[in-house]
């Protein structure tokens, strides 16, 4: 079996397992709604709306998807409920497919850059799994032959730096950190400078958890961005917002505010294996027009998968 095919098979199996609770909430309940129905009537759409909302697709996304399906049903494009189910699957896949990862992340891998190290900031509120995600990303890019430097820019929480240090030792990756309370921008400066001098490929910056409502912390993040940009043209090249899938629509609200404040370029959706609210991925894609780069499906180093729209939707409808 070719390597790419093996990878797809592995992702498929792990996504199926991680999405089990969302699949139960979405497609199994949907099939209960459609069971025994021969015609597509208004009650079918009313029942489907309840199912989609319970899976955390959100009101706007649910309304848009169902309006398109109602229109197709009225035009007699959908012959029966089986066709309706297939059409719903295609609508969800199309929504996600339109925001597939950009070329610098083919199959989740990092393309080389000639302008210096690729700088990636990870941002979000406390408790979403930013530090663990930094380690998982480092492992993924190390396996692609890249030299990675970790930057412990969360200087407010000593445990964060300690946790990242443990990960760095496990991965054999270099870690740049300073004493608790140090200026995070200074840590970013040291890490990016070290990456330049040592010809490293990637700098992963673990930032402190912050609420979008804290203007002083948002200003601090802007300072970190300016420092990185002065050292490497275009840095930070990615600002990945780490969202906890278990928070559902609350996560969407966080994403919206962070995007407005700091220019998020993509999403890492963690803890997909622990929630029935995986439908929030579709709401994020539609409402924020942001690509989901990765999904977390467990606690191990390898449990971070490049997001694949087709496989994700298929895992829900399998």
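The values are calculated or read from the model by the stated rules, or taken from the named source; none is laboratory data. What you see is a predicted model, and the numbers here were worked out from it, not measured in a lab. Counting neighbours? That spans all protein chains shown, and the Cβs are built from the backbone with ideal geometry, glycine included.
Examine the stretch 97-117 for a residue that is modelled with pLDDT of 85 or more and either touching a helix residue (DSSP H, G or I) at 6+ places or on another chain (Cβ under 9 Å) or surrounded by fewer than 16 Cβ atoms within 10 Å (Cβ to Cβ) (or both), and state whether such a residue exists. Yes: the stretch 97-117 contains one or more residues that are modelled with pLDDT of 85 or more and either touching a helix residue (DSSP H, G or I) at 6+ places or on another chain (Cβ under 9 Å) or surrounded by fewer than 16 Cβ atoms within 10 Å (Cβ to Cβ) (or both).
Output the residues belonging to the stretch 12-23 that are under 19 Å from residue 277 (Cβ atoms) and either touching a strand residue (DSSP E or B) at 6+ places or on another chain (Cβ under 8 Å) or modelled with pLDDT under 85 (or both). Of everything in the stretch 12-23, those that are under 19 Å from residue 277 (Cβ atoms) and either touching a strand residue (DSSP E or B) at 6+ places or on another chain (Cβ under 8 Å) or modelled with pLDDT under 85 (or both) turn out to be 14, 15, 16, 17, 18, 19, 20, 21, 22. Look at the stretch 118-141 and say how many of its residues are assigned to a helix (DSSP H, G or I) and either touching a strand residue (DSSP E or B) at 6+ places or on another chain (Cβ under 7 Å) or at pLDDT below 90 (or both). Count: 9. Scan the stretch 281-305 for residues that are touching a strand residue (DSSP E or B) at 6+ places or on another chain (Cβ under 6 Å), surrounded by fewer than 22 Cβ atoms within 10 Å (Cβ to Cβ) and not in a loop (DSSP other than H, G, I, E, B) and the total you get is 0. Which members of the stretch 262-279 meet the condition of being in a helix (DSSP H, G or I) and in contact with a strand residue (DSSP E or B) (Cβ under 8 Å, 6 or more places away or on another chain)? Within the stretch 262-279, 262, 272, 273 meet the criteria.
The requirement of being farther than 20 Å from residue 136 by Cα, touching a residue at least 24 places away in the same chain (Cβ under 8 Å) and more than 25 Å from the chain's Cα centre (by Cα) is not satisfied by residue 195.
In a residue-by-residue description of the stretch 206-223, the property of being outside any helix (DSSP H, G or I) and in contact with a strand residue (DSSP E or B) (Cβ under 7 Å, 6 or more places away or on another chain) applies to at least one position.
Evaluating residue 60 against the criteria (1) crowded, with 16+ Cβ neighbours inside 10 Å; (2) closer than 19 Å to residue 280 by Cα leaves one unmet condition, (1).
Scanning the stretch 244-261 for residues that are under 14 Å from residue 56 (Cα atoms) and either in a helix (DSSP H, G or I) or modelled with pLDDT of 85 or more (or both) yields 244, 245, 246, 247, 249, 250, 251, 252, 253. If you check 248, 278 for being buried (at least 24 other Cβ atoms within 10 Å of the Cβ), under 26 Å from residue 24 (Cβ atoms) and within 16 Å of the chain's Cα centre (by Cα), only one passes: 278.
State whether the residues of the stretch 227-241 include one that is in contact (Cβ under 8 Å) with a residue 40 or more places away in the chain, assigned by TED's automatic domain parsing to the domain that holds residue 201 and under 11 Å from the mean Cα position of the chain (by Cα). Checking the stretch 227-241: at least one residue is in contact (Cβ under 8 Å) with a residue 40 or more places away in the chain, assigned by TED's automatic domain parsing to the domain that holds residue 201 and under 11 Å from the mean Cα position of the chain (by Cα).
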